[in-house]
């Protein structure tokens with residue numbers, strides 16, 4: 001790989017690291033807003049989503065510029081297409097954080113999550129936070145090991161989603177339909193966030209090692 | 001634009017038309033399976049999703065091959081990146097049809113949708129079907145007019161989703177939490193399908209006219 005091209009690719013990677021950090025912060029803030037009914041934090045998530053979208057556009061522009069200027073072939077070309085996939089997944093993770101923040105806002109000043117569900121949601125938020133962190137670390141340090149753990153984290157999120165549904169559909173549920181609907185959608189937002197983190201991770205492994213991830 | 005390049009681009013477009021048709025059929029079948037609790041049709045949706053993924057891979061390979069062989073610049077390059085976006089949205093639409101089919105399967109032999117919700121779900125399915133059809137038509141006929149209508153269709157789907165929620169959260173709801181949770185998730189699957197159709201449509205307009213769609 002040409003030196004100049006490597007530098008360009010590094011620049012793209014740094015933009016992706018920034019996006020991973022933005023998605024992580026967004027979901028962490030959205031979860032805090034959700035569990036504490038904090039309007040200011042929730043509003044902040046909505047405002048900051050524009051930044052993630054702007055970084056996404058920068059990645060696309062940079063990749064297009066590279067494709068045009070360097071006309072890379074074969075493996076180098078695949079790497080750039082992979083960067084686009086990663087950016088897409090990270091942008092989607094930011095969108096899902098926005099959905100969580102909007103759910104929180106819709107119920108304020110009440111807390112959208114009844115206390116029985118709060119521990120499970122907190123755990124989902126915590127695993128999702130770790131997943132977004134790993135993507136950033138793997139991108140920044142070109143260390144593929146962290147990405148391999150993402151699938152186990154994803155299994156943990158799926159299991160937490162099952163727990164969430166069991167609580168809402170159990171005989172002891174006393175909050176009615178509206179909060180169950182909110183709970184179901186929230187569970188899905190975290191589960192989708194984790195799914196996109198896994199996909200991004202697989203692509204990141206390819207980006208940093210050249211090992212081909214199965215296409216999703 | 002060089003003639004050879006135009007032919008290549010046409011080939012990519014035809015693959016996208018095939019994907020649009022696959023996504024449309026998948027959601028139509030999934031909706032039928034959902035409303036009639038037809039296991040065979042629902043199973044068919046799950047099996048056929050692999051075909052959509054295979055076509056998605058073909059688009060990516062074709063685009064990479066084109067980037068490598070033709071080394072296009074500027075507008076030509078943007079078009080190919082746009083084709084990747086469209087393929088991504090269409091693949092996601094296929095996934096959402098799969099989610100609908102899985103929801104149908106989970107409740108069989110019962111029908112997952114209570115009769116009060118069936119008309120709204122049927123309308124959502126019908127608008128989504130029209131949207132997927134338009135994407136295919138616009139791609140096949142390079143006519144941007146149909147794509148412009150997609151946003152109105154999307155508004156219709158959003159309104160139907162609101163109706164769905166009003167039914168489940170209303171005082172007359174007598175089906176309990178589990179069916180409301182299913183209804184909420186189903187509403188979201190159709191709503192997301194419509195969103196991706198709008199995004200795909202914006203990109204299709206760019207592909208066939210060169211007019212830049214706002215990035216999502």
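For a test of the definition: using alpha carbon positions, the gyration tensor, and the 1.5 limit on a/c, classify the protein assembly as shown as rounded, prolate or oblate.
Oblate is the answer for the protein assembly as shown, as a/c is 1.5 or above yet b/c matches or exceeds a/b.
Sort A:28-38, A:141-151 by packing, meaning the average of other beta carbons within 10 Å per residue, with the highest value first.
Going by the mean number of other Cβ atoms within 10 Å, highest first, we get A:28-38, A:141-151.
Between 0 and 90 degrees, rounded to the nearest ten: what's the tilt of helix A:39-70 against the longest Cα principal axis of chain A?
Compared with the principal axis, the helix lies near 20 degrees.
Can you sort B:203, B:47 by how many other beta carbons sit within 10 Å, fewest first?
Ascending Cβ contact count within 10 Å gives the list B:47, B:203.
Take residue A:148 and residue B:169, extend 7 Å from each Cα along the Cα→Cβ direction, and tell me the distance between the two endpoints in nm.
4.6 nm
Taking the label point 7 Å from Cα in the Cβ direction, how far apart in nm is residue B:166 from each other copy of itself, listed shortest first?
Once sorted, the set of distances for residue B:166 reads 3.8 nm.
For peptide B:176-188, how many partner chain Cβ atoms fall within 10 Å of a residue's Cβ, on average? All intermediate terms of the calculation are to be shown ahead of the outcome.
Details: counts 5, 14, 6, 1, 7, 10, 1, 3, 9, 5, 0, 2, 5.
Shielding by partners across B:176-188 averages 5.
Hey, rough spin-label estimate for residue A:158 and residue A:118, points 7 angstrom out along Cα→Cβ, what's it come to in nanometres?
3.0 nm
Order of A:128-136, A:109-117 by packing, highest average Cβ count within 10 Å first?
Final packing ranking: A:128-136, A:109-117.
Given an 8 Å cut-off on Cα distances and at least 6 residues of separation, report the relative contact order of chain A as a percent.
29 percent
Please arrange A:76, A:89 by counting, for each residue, the other beta carbons lying within 10 Å of its beta carbon, fewest first. Please report the intermediate quantities before stating the final value.
On the way: A:76 19, A:89 27.
With the fewest neighbours first, A:76, A:89 line up as A:76, A:89.
With a/c under 1.5 counting as rounded, go ahead and sort chain B into rounded, prolate or oblate using the C-alpha gyration tensor (a ≥ b ≥ c being the square roots of the eigenvalues; past the cut-off, prolate if a/b is larger than b/c, else oblate).
Verdict is prolate for chain B.
Once a ≥ b ≥ c are taken as the square roots of the eigenvalues of the Cα gyration tensor of the stretch A:1-127, is the result rounded (a/c under 1.5), prolate (a/b larger than b/c) or oblate (a/b not larger than b/c)?
prolate
By counting other Cβ atoms within 10 Å of each Cβ, how are A:106, B:39 ranked from fewest to most?
So the ranking, lowest neighbour count to highest, is A:106, B:39.
For the pair residue B:68/residue A:11, report the inter-label distance in nm, with labels modelled 7 Å from Cα in the Cβ direction.
2.5 nm
For the stretch A:44-105 and the stretch A:144-165, what is the separation of their Cα centres, given in Å?
Cα centroid of the stretch A:44-105 versus Cα centroid of the stretch A:144-165: 23 Å apart.
Across the residues of A:69-77, average count of Cβ atoms on other protein chains within 10 Å? Walk me through the numbers on the way to the answer.
Working: counts 1, 1, 7, 3, 6, 2, 0, 1, 6.
If you average over the peptide's residues, the count of other-chain Cβ atoms is 3.
Tell me the distances, shortest first, between residue A:148 and the same position across the other copies, using label points 7 Å along Cα→Cβ, in nm to one decimal.
The projected label point of residue A:148 is separated from its counterparts by 5.5 nm.
On a 0 to 90° scale, report how tilted helix A:3-36 is relative to the longest principal axis of chain A, with both axes built from alpha carbons and the result rounded to the nearest 10.
0 degrees
Any chance you could give the angle, 0 to 90 degrees and rounded to 10, that helix A:118-141 forms with the longest Cα principal axis of chain A?
10 degrees
Read the figures in this text as sums done on the coordinates, not as results from a lab. Every value quoted in this text rests on a predicted model; they were computed, and no experiment measured them. Note that each Cβ is placed from the backbone with ideal geometry, even for glycine, and that neighbours are counted across all protein chains shown.
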